[in-house]
Every structure is written in C-alpha cells, then in structure tokens.
Amino acid sequence: MGKIISFSNQKGGVGKTTSAVNVAASLGILGHKTLLIDLDPQGNATSGVGVSKRNLKVSINDVLYGSVTAKEAILQTAYTNLDVIPANITLAGAEYNLYSEDGNTESVIKNALDPIKEDYDYIIIDCPPSLSLLTVNALVASDGVVIPMQCEFFALEGLSQLAVTIGKVKQNFNPALNITGILVTMYNGRLLLSLQVINELRKHYKDKLFSTNISRGVRVSEAPSFGVPVYYHDKRCKGAVEYLAVAKELATRI
C-alpha cells in the first residue's frame, strides 16, 4: 500500500509547492509510481507539471464534491512515473462543500483516496498555504507530513503553529500521523541568518531535518514558468541534484 505525504506550511512563499512538485517528480525518476495531488486553489502544482488549469474537465474539487471518483480525476503527466489530480480556482469553494457533508468532514479526502492508495508507491499532497479544513483533511489522510520552510526567523514561529495543528490532528483523528521531515528551502550558506536558523532548528527538531537543504537557484525558480519539474529543465543543476537527494532520503523515512 502506498504512503500519503502532505507538504504543508501555512506561511506562503516558502517553497512548499515547488518542493511538492520536485520531490514527486524525483520519486518518479527513482522508480516509484507517484501521484501528485494539488489541493491548493492557486493550482500552481498543476501548472508546475505542465497541465493547463484553464482546460480542466475534472479536478480535485469534483472529487471533494462527490461528482467523480479520485481515479476518474487522475491525469498522466509527461514525466516518468508521475500522475496528477489537478486543481484550479474552483477549489476555493471546497470548504463549503466539506462543511456541508454529513458526518466526518475531516475525512472526506481520506475516504476519496483509500480506493487508489494501493495503486501508487507515494501520493504527495500539496496543501493550501493555510491551516484550513482542506489542510486538516489532507493531514487526516496522510501517513506523514513534510514541512518546507524558508531560512528566516518568522518561519520558525509558523513551524511551531503547524506542529500544534499536526499534534491535534494526530490526537483526534489520525494517531499514525507524524512529521516525516523538515525541508529547509531557499538556503544560502553564505548568509549568517541561514546558519542561525539552521542552528535553531537543530536544537528543537534535529532528528526531523532533512540532511539536504534546497539552495536558492535560478533553475529551480524558472522551471515552473516552463511547466516542468527542475530535473526536466536542467538535470545537472544544483536544485535538481538536491531534490533527488531529498526524495531518496524521504523514501527511507516513510
């Protein structure tokens, strides 16, 4: 049975979607059958794997609404071992649909994914940048959480808030849920601030930190504009190598 991993951080601009897309693509490159689920109304993970948000016939919103199954919403991408359930702005109204469900509003996504979980080695969920009911649904469905975070002190405050939310979901809905890893993004080893943030993380989350940090890089930043994961944009660039290393480590952690 496959493992479901949410990429979550309520703070925007921390490399969450970039990391979800590139780790999912890297897992595919490593030979793991992988499904990327875009759960962010911005739909950036969808366009990040070359799928047009404007021309979607079905999306994750239709799955949540109950008009199609998760299997019916899956699209093949052009990339090795990588499928996607896409999203667009229609997902912005999904909170209402979830609240309108009778019974367990926190388990809608889990129930939708259970029938396809055995079809994949890994299912990666790109959560919205908020601690919303969509995020809670993703956490309830997940076996683990990866927290991408930028090298700045405000990010440390956000990490504490997210850890509390994960703890509440674990206590109330999903006892198996754990933080699989904290992924440092936009890293610049020449900056004192980056080193200070890393030292703070090591004090409190040493065993959760991935051994590879994701460096700031032009190739990683420009790949989404071409609708490709960075490995398919320039497989020799630093970012592609780093995301492959993170994917390898993730596969040993969960």
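The values are calculated or read from the model by the stated rules, or taken from the named source; none is laboratory data. Everything numeric in this text was worked out from a predicted model, so none of it was measured. Counting neighbours? That spans all protein chains shown, and the Cβs are built from the backbone with ideal geometry, glycine included. Only protein heavy atoms, including side chains, enter the accessible area calculation; ligands, DNA and RNA are left aside. Shrake-Rupley method; radii C 1.70, N 1.55, O 1.52, S 1.80 Å.
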SASA check, Tyr65, accessible area w/ 1.4 Å probe, all protein chains in place, rounded to nearest 10 Å², comes out at 150
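Work out the FRET efficiency for Thr69 and Ser130 from their Cβ-Cβ distance, taking R0 = 30 Å, and round it to the nearest 0.05. Could the numbers behind the result be given before it?
Working: r = 26 Å, r/R0 = 0.88.
Using R0 = 30 Å, I get an efficiency of 0.70.
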Surpassing 25 Å at the alpha-carbon level, of the pairs Lys11/Lys206; Lys57/Lys238; Lys3/Lys71; Lys16/Lys238; Lys168/Lys206, are Lys57/Lys238
Measure of compaction for the chain (Cα Rg per 2.2 N^0.38 Å): 0.94
How large is log10 of I(q)/I(0) for region 213-252 at q = 0.16, 0.33 Å⁻¹ when the intensity is taken from the Debye formula with one equal scatterer per alpha-carbon? -0.36, -1.09
Can you bin region 164-254 into rounded, prolate or oblate? Criterion: square roots of the alpha carbon gyration tensor eigenvalues sorted a ≥ b ≥ c, rounded for a/c under 1.5, prolate for a/b above b/c, oblate for the rest. oblate
Computed over region 1-69: relative contact order in percent, which uses C-alpha pairs under 8 Å that are six or more apart: 20
What's the carbon and sulfur percent of region 1-130's accessible surface, probe 1.4 angstrom, rounded to a whole number? 46
What do you reckon, how do Phe210, Phe154 stack up by accessible area (1.4 Å probe), largest on top? Phe154, Phe210
Can you show me the helix-derived [θ] at 222 nm for the chain, built from DSSP H runs with n ≥ 4 at -39,500 (n - 2.57) apiece and divided by the number of residues, rounded to the nearest 500. -12500 deg cm²/dmol
Anchor Lys235: lysines whose Cα lies under 19 Å away (excluding residues fewer than 8 positions away in-chain): Lys248
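If a/c stays under 1.5 just call it rounded; otherwise compare a/b with b/c (prolate if a/b is bigger, oblate if not). Do that for region 1-84, with a ≥ b ≥ c from the square roots of the Cα gyration tensor eigenvalues.
rounded
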Within 10 Å, count the other beta carbons around each residue, average over each peptide in 139-148, 78-87, 168-177, and list them highest first. 139-148, 78-87, 168-177
Stretched out fully, how many nm does the piece from Thr165 to Asp207 gain, at 0.36 nm a residue minus the Cα gap? 13.2 nm
Could you list which residues have their amide H under 5 Å from that of Tyr79, counting only those 5 or more apart in sequence or on another chain, with H placed in the peptide plane? none
